[in-house]
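Working notes, structure below.
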Amino acid sequence: AGTTGTNNQIGLVSYLGRVNYAYDDKYLLSASYRSDGSSYFAKGNKWGQFPSISGGWILSKEKLFSKIDWLSNLKFRLSYGESGNDTSANAYGSLALLGQSDYLFGATLANGTYVTRFSNSGLVWERSKEFNIGVDLGILDNKVRLGIEIYNKKTVGSILGRTLSPITGFNNATGNYGSIGNKGVEITLNTRNIRTDNFS
């Protein structure tokens, strides 16, 4: 009888920098840069760089809108950002794996080793890119708040398994084979209809 076991060791490190700026409480800017490193990927591809930037303009604080009594808040937002994902990869997903099998060497049965999985040194981070435009509106002392968001998100290089032809001698291979998009409009309405000392 034999003894078998497995041992996985993984590492993940991240660095994040962010800058926020506001001018006259009307013009807002935020930028960030994230650098992630994962042991899931091969040498040269372990690090992913993911920037993002967003801006806001509070129009209700401009002189043109400040005299409108019922307008509590009017804000325009714009943003773009990227993020990464490594959780779809295996601990050693970029490396070839070996297995053991018996084979005939002449008339003698011998122990052998064979490749059970392709290596993929080009395996890299999944990358999601999202672009958003939004408008926030508040009226009647913010008793009614309306938000409209237009978004467009695309994920490229999704880490997936691909079934291979049996003629290759392998069942499947892992790589950055997929992409998916998601876009639409999101509308949010909040109202504060009743507010007293004991009830809201």
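Odds and ends about this structure:
- Output for region 162-183, where each listed residue is under 23 Å from Tyr151 (Cβ atoms) and of a type in the set (Val, Ile, Thr): Ile180
- Condition met for Leu146 (hydrophobic (A, V, I, L, M, F, W, C), at pLDDT below 85 and more than 24 Å from Ser14 (Cβ to Cβ)): no
- Selection from region 39-64 of residues that are open to solvent by less than 50 Å² (accessible area, probe 1.4 Å) and outside any strand (DSSP E or B): Ser39, Tyr40, Phe41, Ala42, Asn45, Leu59, Ser60, Glu62
- Only one entry in Tyr80, Tyr21 is open to solvent by 90 Å² or more (accessible area, probe 1.4 Å), assigned to a strand (DSSP E or B) and not small (Gly, Ala, Ser), namely Tyr21.
- The residue list Gly93, Gly99, Gly161 contains one member that is closer than 17 Å to Asn45 by Cβ, touching a strand residue (DSSP E or B) at 6+ places or on another chain (Cβ under 9 Å), modelled with pLDDT under 95 and open to solvent by less than 70 Å² (accessible area, probe 1.4 Å), which is Gly93.
- Identity of the residue in region 102-146, under 29 Å from the mean Cα position of the chain (by Cα) and among the aliphatic types (A, V, I, L, M), that ends up nearest to Arg192 (Cα to Cα): Leu146
- With respect to the stated conditions, Val144 is under 18 Å from Leu74 (Cβ atoms) and in contact with a strand residue (DSSP E or B) (Cβ under 9 Å, 6 or more places away or on another chain).
- Residue check, Ser72 over 30 Å from Thr174 (Cα atoms), touching a strand residue (DSSP E or B) at 6+ places or on another chain (Cβ under 7 Å) and open to solvent by 40 Å² or more (accessible area, probe 1.4 Å): yes
- Of all the criteria given as (1) in contact (Cβ under 8 Å) with a residue 40 or more places away in the chain; (2) over 17 Å from Tyr80 (Cβ atoms); (3) in a strand (DSSP E or B); (4) not charged (D, E, K, R), the one not satisfied by Ser179 is (1).
- Scanning region 150-176 for residues that are of a type in the set (Ser, Thr, Tyr) and in a strand (DSSP E or B) yields Tyr151, Thr155, Ser158, Thr163, Thr174.
- Hey, Gly147 small (Gly, Ala, Ser), more than 30 Å from Ala91 (Cβ to Cβ) and surrounded by 14 or more Cβ atoms within 10 Å (Cβ to Cβ) or not: yes
The values are calculated or read from the model by the stated rules, or taken from the named source; none is laboratory data. These figures come from a predicted structure and were not determined experimentally. Using ideal geometry, Cβ is built from the backbone for each residue, glycine included, and neighbour counts are taken over all protein chains shown. Accessible surface areas use protein heavy atoms only, side chains included; no ligands, DNA or RNA. Shrake-Rupley method; radii C 1.70, N 1.55, O 1.52, S 1.80 Å.
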